[in-house]
Amino acid sequence: MNWETHLRGLMLGYPPLPESVNRDYPAFLQTTGGLALTLLITFFSLIFGGALGTLLGLLRRDAPKETRRTLLRRGVEGGARLLANGFVEGVRGLPIMLLVLLCYYLPYPVLGVRIPPFLVGIFAFSLYTGVYLSEIVRSGFRSIDPGLRYAGRTLGLPPRIFFFKVELPLALRAMKPDLINLAITVFKDTSTLAMVGVAEITYIGRQTMAAHPKDYALVLGVILISYWVPATLLSLFASRTEKARFKMETL
Amino acid sequence: MKSVDFAKYVFDEPYLGWLLRGVSMTLVMAVVSGIGAAILGFWVLRGELSRWRFFRTLGGAYVTVFRNVPILPLLLLLMFGVPGVWLRWTGREFPRDFELVMLLVGLSLNTGAYLAEILRAGVQAVSPLQLEAGRTLGLSPGAIRRKIVYPQAIRIVAPALTSRLIHNTKNSTMALIVPLPLHQLEVLGQASRIAGETFTWIEPLCFAACVHLVLALVFGQALNRWARGQQARVEGAA
């Protein structure tokens with residue numbers, strides 16, 4: 001029972017040999033592993049996916065009907081919405097495991113480039129986050145009372161000021177619980193990356209169990225707890241903000 | 001750059017046979033684990049709404065535990081942990097060929113927790129006045145639940161239920177981590193088996209992707225129709 005080694009491996013990973021670290025990519029992503037890498041991948045996916053999701057969500061937003069637009073602008077907006085909708089529906093219909101495998105196995109035969117697994121992970125989960133986030137963004141903006149738009153125009157607010165000072169803060173407040181839940185889902189689903197050799201905690205746990213079958217109970221316990229504790233804490237936080245949102249709506 | 005050859009790697013024997021068998025296994029897994037999850041979720045819901053504190057705590061604990069654990073580690077627990085504990089307690093090896101059962105149990109445990117949570121939201125959204133009306137008419141508590149509460153609750157949360165069951169179908173791809181025998185692999189498992197033999201991933205993966213897109217569409221339509229039928233039952237009775 002060398003539980004200290006196991007625990008260290010599960011939390012921080014087993015560092016690779018210095019000569020096997022690829023200098024073209026950030027070293028800290030290659031030398032960390034375990035729960036630390038899980039958290040890193042979650043963090044980067046949420047950042048990149050956040051940008052993608054906001055963009056997709058704004059593209060997919062229903063156009064305000066009463067504004068007058070030129071035919072060209074309507075055409076461009078409609079086309080962009082169609083494209084974004086197709087992309088979102090396509091990616092949402094795929095199981096995350098399949099998305100991860102596609103991102104891992106397609107780049108080499110199609111583009112002829114080899115992408116290191118941790119970047120594949122960040123890419124796949126950015127897509128995943130972005131697509132689900134676009135749905136949240138859309139419904140967040142839909143929850144805003146259309147009367148506010150008239151009020152803003154009556155007060156003479158320029159559209160940009162109205163968007164940043166009125167619409168965005170309200171929509172963000174409405175989206176908060178869903179955003180936290182999405183973060184939990186992404187955090188949990190990064191375990192799928194164990195199937196493509198990203199050294200995150202599930203992968204390390206599987207390898208450790210294969211090498212030391214006697215210590216299975218310890219390894220499984222540590223894996224389950226290190227997913228369960230952060231996810232539960234965040235979901236408690238989400239349900240608290242949900243109650244706050246409910247209060248806001250009933251006021 | 002390699003040319004894509006669907007005719008050779010997907011629509012030719014023996015690969016087409018493997019993939020079709022995989023599709024049928026995916027369907028079986030989706031339906032069986034979906035039904036298992038529905039039964040499990042229903043009983044957890046009854047526990048959460050129970051008068052006894054013990055059952056409420058049990059139901060709540062189940063939901064918090066299984067909702068916040070990802071499915072792959074859960075499957076690892078079922079694959080390694082359960083046989084290990086079995087060996088220690090009984091002193092005998094865990095029976096073989098139980099991988100499929102364990103996989104279905106894992107999927108049902110995960111989805112059951114979500115379904116219980118969704119159904120609870122639905123039950124709480126049914127107006128309390130309806131319960132009073134039922135009691136005034138002299139209906140038994142069981143009849144109130146069966147005839148008034150559940151059909152409306154299901155209708156209210158139908159979109160969430162549907163999307164969770166579709167999610168369950170997609171989760172069957174997590175079987176990739178389970179060492180299933182070859183004839184029990186689901187579609188992605190068969191795809192990766194082809195990839196292992198032919199060293200080509202594009203064609204089988206695209207096939208699996210198409211299968212899942214179509215399944216999501218078909219299951220979504222079927223489940224939505226079923227949810228609407230539930231509401232028709234309430235209106236017909238009124």
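As a summary of the residue check, B:F42 satisfies the conditions (1) among the aromatic types (F, W, Y); (2) without any contact (Cβ under 8 Å) to a residue 60 or more places away in the chain; (3) more than 14 Å from chain A (Cβ to nearest Cβ) except for the one numbered (2). Listed by position, the helices (runs of 4 or more DSSP H) inside the stretch A:1-71 whose residues that are touching a Phe, Trp or Tyr at 6+ places or on another chain (Cβ under 7 Å) number at least 1 are A:27-31, A:34-60.
Let me confirm something: among B:L87, B:L129, B:L74, B:L109, which residue is surrounded by 15 or more Cβ atoms within 10 Å (Cβ to Cβ) and more than 10 Å from chain A (Cβ to nearest Cβ)? The conditions single out B:L109. Scanning the stretch B:149-201 for residues that are among the hydrophobic types (A, V, I, L, M, F, W, C), within 12 Å of chain A (Cβ to nearest Cβ), surrounded by fewer than 21 Cβ atoms within 10 Å (Cβ to Cβ) and more than 22 Å from the chain's Cα centre (by Cα) yields B:A195, B:F199. Within the stretch A:74-95, one or more residues are in contact with a His (Cβ under 8 Å, 6 or more places away or on another chain) and closer than 16 Å to A:V196 by Cβ. From the list A:L133, A:L82, the one residue that fits, being more than 18 Å from the chain's Cα centre (by Cα), away from chain B (no Cβ under 14 Å) and of a type in the set (A, V, I, L, M, F, W, C), is A:L82.
Looking at this structure, is B:A222 assigned to a helix (DSSP H, G or I), among the aliphatic types (A, V, I, L, M), more than 30 Å from B:R51 (Cβ to Cβ) and at pLDDT below 90? Against the criterion (assigned to a helix (DSSP H, G or I), among the aliphatic types (A, V, I, L, M), more than 30 Å from B:R51 (Cβ to Cβ) and at pLDDT below 90), B:A222 qualifies.
Scanning the stretch A:206-250 for residues that are within 17 Å of A:T42 (Cβ to Cβ) and small (G, A, S) turns up A:S226, A:A231, A:S235, A:A238. Residue pairs whose Cβ atoms lie under 9 Å apart, sitting 6 or more positions apart in sequence or on different chains, and linking a residue in the stretch B:186-203 that is over 16 Å from A:P109 (Cβ atoms) to a partner that is not in a helix (DSSP H, G or I), are B:E186/B:L180; B:L188/A:P95; B:G189/B:V178; B:G189/B:L180; B:R193/B:L185. Looking at the stretch A:211-238, which of the residues that are among the aliphatic types (A, V, I, L, M) and closer than 25 Å to A:C103 by Cβ is surrounded by the most Cβ atoms within 10 Å (Cβ to Cβ)? Result: A:I223. Taken as a whole, the condition of being in a loop (DSSP other than H, G, I, E, B) and either more than 18 Å from B:C206 (Cα to Cα) or at pLDDT below 85 (or both) applies to B:F11. Scanning the stretch B:112-126 for residues that are over 17 Å from B:Q152 (Cβ atoms) and either of a type in the set (A, V, I, L, M, F, W, C) or in contact with a His (Cβ under 7 Å, 6 or more places away or on another chain) (or both), we see that the one that is surrounded by the fewest Cβ atoms within 10 Å (Cβ to Cβ) is B:A113.
Determine whether B:Y15 is touching a residue at least 40 places away in the same chain (Cβ under 8 Å) and within 14 Å of chain A (Cβ to nearest Cβ). It is false that B:Y15 is touching a residue at least 40 places away in the same chain (Cβ under 8 Å) and within 14 Å of chain A (Cβ to nearest Cβ).
Meeting the requirement of 3 or more residues that are under 30 Å from B:G189 (Cα atoms) and of a type in the set (S, T, N, Q), the helices (runs of 4 or more DSSP H) wholly within the stretch B:75-151 are B:99-125.
Within the stretch A:85-130, the set of residues being more than 14 Å from chain B (Cβ to nearest Cβ), of a type outside the set (F, W, Y), surrounded by fewer than 22 Cβ atoms within 10 Å (Cβ to Cβ) and part of a helix (DSSP H, G or I) comprises A:N85, A:P117, A:L119.
Residues of the stretch B:41-63 that are within 13 Å of B:R120 (Cα to Cα) and either in a helix (DSSP H, G or I) or in contact with a Cys (Cβ under 8 Å, 6 or more places away or on another chain) (or both): B:G41, B:F42, B:W43, B:V44, B:L45, B:R46, B:G47, B:E48, B:R56, B:G59, B:G60, B:V63.
Given the residues B:T136, B:T90, B:T111, which is the only one that is under 21 Å from B:S33 (Cβ atoms) and among the hydroxyl-bearing types (S, T, Y)? From the options B:T136, B:T90, B:T111, the qualifying one is B:T111.
One line per residue, one yes/no per condition, for (1) in contact with a Leu (Cβ under 8 Å, 6 or more places away or on another chain); (2) at positive phi; (3) of a type in the set (S, T, Y):
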{"site": "A:Y128", "(1), (2), (3)": "yes, no, yes"}
{"site": "A:L133", "(1), (2), (3)": "yes, no, no"}
{"site": "A:R142", "(1), (2), (3)": "no, no, no"}
{"site": "A:L155", "(1), (2), (3)": "no, no, no"}
{"site": "A:P159", "(1), (2), (3)": "no, no, no"}
{"site": "A:F163", "(1), (2), (3)": "no, no, no"}
{"site": "A:V219", "(1), (2), (3)": "yes, no, no"}
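Taking the stretch A:190-207 as the range and being within 11 Å of another protein chain (Cβ to nearest Cβ), over 16 Å from A:P116 (Cα atoms) and surrounded by fewer than 23 Cβ atoms within 10 Å (Cβ to Cβ) as the test, only A:R206 passes.
The values are calculated or read from the model by the stated rules, or taken from the named source; none is laboratory data. What you are looking at is a predicted structure, and each value in this text was computed from that prediction instead of being measured. Every residue, glycine as well, gets a Cβ built from its backbone with ideal geometry; the counts of neighbours run over all protein chains shown.
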